[in-house]
Amino acid sequence: MGSAGVDKPETRLFINGKFTESSDGKTFQIKSPATREVVADVFEASESDTDSAVAAAKAAFPAWSALSPGDRGVYLKKLAALLHEASDELSRLEALSMGRPVSTYFDAHAAASTFEHYAEAGYDAQGASSLNTPGFVNMTFKQPYGVVAAIIPWNVPLVFFANKVAPALAAGNTVVLKSSEKAPLTSAKVATLVERVGFPAGVLNIISGHGQTSGAILSSHMDVRALSFTGSCRTGRLIQAAAAKSNLKHVVLELGGKSPAIVFEDCDLDAAVQETQHSIQFNSGQVCMANSRIYVQDTIADKFVEAFKEKFAQVAAGDPLDAKTTHGPQADEVQYNTVQRYIEAGKASSTLAMGGTKEVSGLSGASEQGYFVPPTVFLHSPEEAVVMKEEIFGPVVNINTFKTEDEVIAKANDSEFGLYASVYTKNIDRALRFAKALEAGTVAVNCTSPMTARDMPFGGYKSSGVGREGFGHSLNNFLETKTVLIKIKS
Ligand code: NAD
């Protein structure tokens with residue numbers, strides 16, 4: 001074991017049930033964003049490695065899809081058990097590669113519970129029958145697509161890994177998963193668990209690599225029949241276009257957000273302050289549904305802003321491996337520079353009320369080299385300002401005021417994003433008016449992100465995505481529907 005309590009991380013590709021180095025020997029480096037030290041050299045899937053992974057999945061499909069959901073579920077259950085066991089090590093790998101504080105890590109247990117759910121839920125893949133056409137008994141079959149590709153981001157990698165892979169496998173598909181080049185170590189570790197479970201070769205292939213190589217190849221691959229993606233709107237558009245230009249594969253897109261939280265004067269102010277600051281602070285603001293735009297009724301604005309700043313200042317920045325740390329660095333230098341650019345833009349357009357500096361208090365030793373951003377608050381941002389329109393993906397929030405319902409609904413909806421929105425009020429009629437009017441895939445009343453419900457559909461309105469995920473919804477993302485017409489002789 002190394003000093004961080006992690007064995008030498010697995011960095012190879014997992015294709016057709018075997019670990020392998022990349023065919024051209026290429027690797028890419030992972031540096032700790034907290035210290036800038038090199039953590040691992042990871043094998044990068046080449047075009048031929050990506051093709052091999054798809055070919056392995058294609059070859060494994062007939063036998064895997066012929067199993068009963070219960071027999072497939074046995075493998076998923078075993079993987080869930082190993083994920084629970086490996087949680088501590090997985091938390092350290094994520095801390096090392098993208099700076100997630102181990103104190104906030106829940107992802108492995110969440111992923112395990114997703115695999116546990118889909119170990120049983122495969123039986124929900126059912127068609128319907130109809131006697132509505134005279135002289136016929138008609139029915140639908142629900143059948144797996146074949147090879148499914150899953151492309152995941154770096155911010156909460158194993159949650160997305162499980163959200164895509166578990167239902168795809170439960171439905172009888174075989175899978176090629178590509179992890180993010182910023183956080184490949186936990187997916188590679190899960191590959192070692194997949195090997196231990198003894199999945200049939202080729203059923204689940206796990207590769208590391210950059211988007212423009214393996215990601216783009218999967219998106220335009222003629223043998224990939226469905227693709228589930230979580231990541232940025234920019235990449236989502238590229239994937240949609242690649243799918244259209246190749247085989248029109250079925251695509252599910254979970255994309256970015258610029259989520260508004262609306263706070264009325266009749267709310268529970270303490271709860272609103274606590275929850276809205278947690279939403280933008282958790283994972284250093286690197287959360288798709290983080291409430292990065294807060295609209296507070298003008299009558300309580302001063303009180304809200306003071307209380308918000310006080311809570312927001314209470315973060316403990318430092319080594320993500322330290323159990324006391326609650327505020328990690330941005331995932332890498334690119335993310336850090338992006339957030340800094342937005343902070344500079346915010347200083348030009350808005351009033352800086354907190355943070356916005358390059359110095360972050362509480363850092364010591366190697367962490368002083370890290371890519372930390374202090375909690376940052378802007379006030380009075382013009383609605384058209386870049387910090388109000390674009391996803392920053394950092395601990396940076398805009399707090400604006402409003403007077404009337406109509407005014408704030410118009411402002412909240414004036415965004416190309418539509419992932420999540422929340423409203424704090426004790427007035428039930430107003431809460432329901434907002435639930436109806438807000439253009440978002442999820443509207444939260446008297447709570448905010450990251451609150452979600454596992455059996456409710458999650459996804460985006462407008463440019464925040466295409467399709468929905470969640471228990472009771474994801475299985476259908478990986479099933480074709482076939483109509484069978486049966487004529488009865490009278
Ligand atoms: P990203 O789009 O840069 O990368 C996501 C994945 O796509 C990575 O694996 C990357 O390698 C791959 N990729 C990049 N270019 C590609 C291409 N041309 N073809 C195919 N694949 C390609 O996103 P990110 O920076 O990793 O993640 C942050 C983004 O994800 C944010 O916008 C965030 O809002 C969004 N996100 C959305 C949700 C959701 O559920 N809606 C959840 C988490 C994150």
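For the reader, a short list of remarks on this structure follows.
- For the stretch 260-453, the convex hull spanned by the alpha carbon atoms encloses 112 Å³ per residue.
- Cα centroid separation - the stretch 353-388 against the stretch 417-490, whole Å: 33
- Reach of LYS8 by Cα under 13 Å, taken over aspartates and glutamates that are not fewer than 8 positions away in the same chain: ASP41, GLU89
- Relative contact order, whole percent, for the chain stands at 19, derived from Cα pairs under 8 Å and 6 or more residues apart.
- One decimal place: the segment GLU359-VAL197 gains 53.7 nm when fully extended, by the rule 0.36 nm per residue minus the C-alpha distance.
- Across GLU265, GLU439, the residue with the most accessible area heads the list, and the full order at a 1.4 Å probe is GLU265, GLU439.
- Folded to 0 to 90 degrees: helix 69-85 orientation relative to the chain principal axis, Cα: 40
- Tilt relative to the chain, helix 185-197 - C-alpha long axis, 0 to 90 degrees, to 10: 30
- Note, ³J(HN,Hα) from phi for the stretch 215-220, Karplus 6.51, -1.76, 1.60, rounded to Hz, x at Gly and Pro: x, 5, 5, 4, 5, 10
- Cross-link reach is defined here as a Cα-Cα straight distance under 18 Å, omitting same-chain residues fewer than 8 places apart; for LYS249 the aspartates and glutamates meeting it are ASP51, ASP223, GLU469, GLU480.
- All lysines inside 20 Å of LYS436 as judged from Cα atoms, apart from same-chain residues fewer than 8 positions distant: LYS258, LYS403, LYS411, LYS426, LYS462
- Environment charge at GLY472 (Cβ cut-off 11 Å; Lys +1, Arg +1, Asp -1, Glu -1): -1
- Toward the positive end of the charge dipole of the chain, with +1 on the Cβ of Lys and Arg and -1 on the Cβ of Asp and Glu, the farthest Cα among PRO395, PHE141, LEU419 is that of PHE141.
- Leading residue at positive end of dipole, the chain (Cβ point charges), from PHE28, ILE239, GLY99: ILE239
- A probe of 1.4 angstrom, applied to the heavy atoms of all protein chains, finds GLU384 with accessible area near 140 square angstrom.
- Helix 47-66 vs. the chain, principal-axis angle (Cα, 0 to 90°, nearest 10): 60
- Farthest towards the positive end of the charge dipole of the chain, among the residues ASN155, ILE207, LEU269, is the Cα of ILE207, using unit charges on the Cβ of Lys, Arg, Asp and Glu.
- In whole percents, the pair-distance distribution calculated for the chain from its alpha-carbon pairs, binned every 10 Å from zero, is 4, 20, 28, 25, 15, 6, 1, 0, 0.
The values are calculated or read from the model by the stated rules, or taken from the named source; none is laboratory data. Given the structure is predicted, the values throughout are model-derived calculations rather than measurements. Quick reminder, even Gly has a Cβ in these numbers, built from the backbone with ideal geometry, and neighbours come from all protein chains shown. All accessible areas refer to the heavy atoms of the entire protein, side chains included, with ligands and DNA or RNA removed. Shrake-Rupley method; radii C 1.70, N 1.55, O 1.52, S 1.80 Å.
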